[in-house]
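To start, the structure under review is shown below, and the notes come after it.
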Amino acid sequence: MVTQITSFGRSGLYDWMMQRVSAVVLSLYTVFIIGYLLVNPELTYEQWSALFEATWMRVFSLMVLLSIGMHSWIGLWSISTDYIKATGARFFFQSLCGFVMFVYVVWGVQVLWGL
Amino acid sequence: MPVTAIVSILHRITGIILFVGLAFLFYAFDLSLESQEGFDTVVNAFQTNFLVKFVIWGVVSALLYHFVAGVKHLFMDMGYFEELESGRKAAIANLAIAFVLIVLAGVWIW
């Protein structure tokens, strides 16, 4: 048996579970943000920045950033293992995706904490 | 291609679109929290710039589709829609619900 070393948790069952846990976090955030924008059509900068200054929102948003990293890794890993059969090309694609995910997480942290 | 296969491949395609589209969302998010001017720039672009509206509609559409297909997936994990007929119906419902949400999003943006 070959042990996968590029999958997220090196276990299909673990990846399966994490994909669903992160999906729930991402969907709650999606519903919250769309709902927030719908009930605040005249949103101001003060309101918007106050929202992201609140600790609970930063906790929620950081959770979402990490979920984006996890969820997209597992998803894009599944897609790339299905369609890119050449090991080198697949590794390159997965590395590129991993790099982009890392950039997203760091970028998001920077925006949230206004560094 | 059977409708269930179309629904499945669209789930994958919208996932890839979202991964790329995130760059756009992050940029808007960054700018909107940077300063009052940045916030105004984003609001103004979302309200007046056709290209920006089109891109945000595209990304939101991918998100809505991916969301609906994801919920269907969770139902399937719990053992629903696994027979040929119920699976077909769930796939059609997925397309229909996503379509309605995407149209509503378009109305909201324009």
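Taking the criterion of being aliphatic (A, V, I, L, M) and surrounded by 17 or more Cβ atoms within 10 Å (Cβ to Cβ), the residues of segment A:52-78 that qualify are A:Val64, A:Leu65, A:Ile68, A:Met70, A:Ile74, A:Leu76.
Inspection of segment B:58-70 identifies no residue that is within 12 Å of chain A (Cβ to nearest Cβ) and surrounded by fewer than 15 Cβ atoms within 10 Å (Cβ to Cβ). Of the residues making up segment A:79-110, those that are within 12 Å of chain B (Cβ to nearest Cβ), crowded, with 17+ Cβ neighbours inside 10 Å and touching a residue at least 24 places away in the same chain (Cβ under 8 Å) are A:Cys97, A:Met101, A:Tyr104, A:Gly108. At pLDDT 95 or above, within 14 Å of chain A (Cβ to nearest Cβ) and in contact with a Lys or Arg (Cβ under 8 Å, 6 or more places away or on another chain), is that true of B:Leu74? Yes: the conditions hold for B:Leu74. Taken over segment B:22-57, the residue count meeting the criterion of being in contact with a Leu (Cβ under 8 Å, 6 or more places away or on another chain) and either more than 9 Å from chain A (Cβ to nearest Cβ) or at pLDDT below 95 (or both) is 2.
Of A:Ser49, A:Ser61, A:Ser72, all but one fail to be within 15 Å of the chain's Cα centre (by Cα), farther than 19 Å from B:Gly15 by Cα and facing another protein chain (nearest Cβ under 10 Å); the exception is A:Ser61. Collect the residues in segment A:15-40 that are over 21 Å from B:Arg12 (Cβ atoms), of a type outside the set (Gly, Ala, Ser) and assigned to a helix (DSSP H, G or I), keeping them in residue-number order. Hits for segment A:15-40 are A:Leu28, A:Tyr29, A:Val31, A:Phe32, A:Ile33, A:Ile34, A:Tyr36, A:Leu37, A:Leu38, A:Val39. In segment A:21-46, the qualifying residues are those that are crowded, with 16+ Cβ neighbours inside 10 Å and of a type outside the set (A, V, I, L, M, F, W, C), and the one that is nearest to the chain's Cα centre (by Cα) is A:Ser22.
The values are calculated or read from the model by the stated rules, or taken from the named source; none is laboratory data. Remember, it's a predicted structure, so these values are computed and weren't measured experimentally. In this analysis, Cβ positions are derived from the backbone assuming ideal geometry, glycine residues included, and neighbour counts consider all displayed protein chains.
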